[in-house]
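Okay, structure first, notes after.
The values are calculated or read from the model by the stated rules, or taken from the named source; none is laboratory data. Predicted model only: the values in this text are computed from it and were never measured. Here the Cβ is made from the backbone with ideal geometry for all residues, glycine too, and neighbour counts use every protein chain on show. Surface areas here come from the heavy atoms of the whole protein model, side chains and all, with no ligands, DNA or RNA. Shrake-Rupley method; radii C 1.70, N 1.55, O 1.52, S 1.80 Å.
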Amino acid sequence: MIRIVKLTFTPDSIDLFLAHFETVKDIVNNYPGCNGMQMLQDINNPFICFTYSNWNGPADLEAYRNSEQFKTIWSTIKPWFGARAEAWSVEPQFDGFALK
C-alpha cells in the first residue's frame, strides 16, 4: 500500500520543515511495516512537498499514525502549514519503474 501526503507550507516555514525533515526522515523510513519513503518538493511551488511511503498494509500505517513518533512529528510541522494536508492511500495498478 502506498501513502501519498501533500503538505503545503507557508513561505516563512518551508526552511523550518526541510531542516526538521532531515532530523525525522529515518524514523518514518525505518518504522516497522514501512518499506521506504520519499519526500518530494514541487519544482514550480517550493512550498508544496509530498511524502510517498510504501507500507505492508493499512494496519502498519495505522500503527505508525497512532505512534508517539508520528504525534510528535505532526504536532511540530502542523503549525507551519499554509493549507490543510491532503492524503491518499493507494494500491499500484502498474509499476513501470520495476520494468526498467
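Observations on the structure shown:
- Hits in the stretch 42-68 (condition: surrounded by 14 or more Cβ atoms within 10 Å (Cβ to Cβ) and of a type in the set (S, T, N, Q)): Thr51, Ser53, Asn54, Ser67
- Taking the stretch 45-83 as the range and being of a type outside the set (Phe, Trp, Tyr), in a loop (DSSP other than H, G, I, E, B) and free of Cβ contacts under 8 Å to residues at least 40 places away in the same chain as the test, the residues that pass are Asn45, Pro46, Asn66, Ser67.
- Among the criteria (1) part of a loop (DSSP other than H, G, I, E, B); (2) among the polar types (S, T, N, Q); (3) in contact with a helix residue (DSSP H, G or I) (Cβ under 9 Å, 6 or more places away or on another chain), the one Gln93 does not fulfil is (3).
- Look at the stretch 6-21: where a residue is closer than 23 Å to Ser89 by Cα and of a type in the set (Asp, Glu), no partner that is modelled with pLDDT of 95 or more and open to solvent by 40 Å² or more (accessible area, probe 1.4 Å) sits 6+ places away or on another chain with Cβ atoms under 7 Å.
- Hits in the stretch 1-32 - residues which are assigned to a strand (DSSP E or B) and either closer than 11 Å to Phe81 by Cα or in contact with a Leu (Cβ under 8 Å, 6 or more places away or on another chain) (or both): Arg3, Lys6, Leu7, Thr8, Phe9
- Residues (closer than 18 Å to Ser75 by Cβ and open to solvent by less than 60 Å² (accessible area, probe 1.4 Å)) located in the stretch 20-41: His20, Phe21, Val24, Val28, Tyr31
- Members of the stretch 34-44 found to be within 12 Å of the chain's Cα centre (by Cα) and free of Cβ contacts under 8 Å to residues at least 24 places away in the same chain, listed by number: Gly36, Met37, Gln38, Met39, Leu40, Gln41
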